[in-house]
Amino acid sequence: MARRFERTRRGVGARLDEDERTLLAGLLLEVEDLLDDGRLHLVDPLEALVELSPEATTPTDPALARLLPEAARDDAEAAAEFRRLTEGTLRRRKREALSTARHTLDRPGPLQLDDVEAQAWLTALNDVRLVLATRLELRSDEDAEQLLGRTAQLAPEDPRAWMAAVYDFLTWLQETLVTALTAQLQARPPARGAGT
C-alpha cells in the first residue's frame, strides 16, 4: 500500500507496492502515447530545430485537447499560430516528464526522486489526472467531489468506479508530493538581502 511522499536527505521519497507501480507505469505510458503525434522524424531541419508544428490543429480527442489547450479561445487565427509555434515543444516536454516518471518506477526499493524527477512527477501526475478527469467528464472540483461521493453507489463492474478510484489515488499522490516539495521551500532560510 502506498505511503505518502516525504522529504528525505536524498530528495523526495514514497513507497509504492508492485501493483501500484504497475498501474502508474501503465497510465504514464498511455498518456505518453496519447501525446505522440507520430512526427518522430521531421523532414525540414528548421522545423526540427525550433519544433514547429505546421500541420498542428486542435485535437479532436477531448483529453488531448485538454492537455494541449487553445491559447486564445476568441481568436482562431492567433490560436492556430500559437499552436503551430509551440505544440511540438509542449508535446515533447510532457512526454519527457511522463517518461522520466515512468522510468523512476523501474528502480528497486522505495521510490526516491531528485528535484528534477520530482518536477517531472508533478507534470506527469497532473497530465494523467487531466486525461482521467476528461474521460470522467469532470470539469471542476465540485464535479470531482460529487463523483467521489457517488463512487460507492456505482456497480463494481462500472468502469467509472475504477477510474474514480484511480483519480482519487493520483490526486492524493500529487497532493503529498506538493506538500513534500513546499515543505522544503518553507524550511529554507530567507535569501540574503531579503527585506526585514
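Read-outs throughout are calculated quantities, based only on the coordinates presented, and are distinct from any laboratory measurement. Bear in mind that the values here come from a model prediction, so they are computed numbers and not experimental data. Here the Cβ is made from the backbone with ideal geometry for all residues, glycine too, and neighbour counts use every protein chain on show.
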(request) Name the long-range amide H neighbours of T8: under 5 Å, sequence gap of 5 or more, or other chain; modelled H, no Pro or chain starts. (result) G13
(message) Can you give me the C-alpha center-to-center distance between segment 151-168 and segment 62-116, rounded to a whole angstrom?
(response) 27
(message) I need the peptides 17-30, 81-94 ranked by packing, meaning the mean over residues of other C-beta atoms within 10 angstrom, with the highest value on top.
(response) 81-94, 17-30
(message) Viscosity 1.002 mPa s, temperature 20 °C: what is the translational diffusion coefficient of segment 3-187 from Stokes-Einstein with a Kirkwood Rh over Cα pairs, rounded to a whole number of µm²/s?
(response) 119
(request) Output ³J(HN,Hα) for segment 67-77: one whole-Hz value per residue in order, computed from phi by the Karplus curve 6.51 cos²θ - 1.76 cosθ + 1.60 with θ = phi - 60°, and x for Gly and Pro. (result) 6, 10, x, 5, 7, 9, 5, 9, 9, 4, 5
(request) Would you kindly derive the ³J(HN,Hα) couplings of segment 11-26 from the backbone phi angles with the Karplus curve 6.51 cos²θ - 1.76 cosθ + 1.60 (θ = phi - 60°), listing them in order in whole Hz, with x for Gly and Pro? (result) x, 10, x, 8, 10, 10, 7, 4, 5, 5, 5, 5, 4, 4, 4, x
(message) Using each residue's phi in segment 173-180, evaluate 6.51 cos²θ - 1.76 cosθ + 1.60 at θ = phi - 60° and report the 3J(HN,Hα) Karplus result to the nearest Hz, with x for Gly and Pro.
(response) 4, 5, 4, 5, 5, 4, 4, 5
(request) Report the calculated FRET efficiency for T22 and E77 (r = Cβ-Cβ distance, R0 = 35 Å), to the nearest 0.05. (result) 0.20
(request) Mind listing the long-range amide H neighbours of A2? Cut-off is under 5 Å, sequence gap 5 or more, other chains count too, H placed in the peptide plane at 1.01 Å from N. (result) D17
(request) Please give the FRET efficiency for S140 paired with R84, using the beta carbon to beta carbon distance and R0 = 35 Å, rounded to the nearest 0.05. (result) 0.70
(request) Residues in segment 132-146, backbone N under 18 Å from the label point at W162 (7 Å along the Cα-to-beta-carbon vector): list them, ranges by number please. (result) 132-137
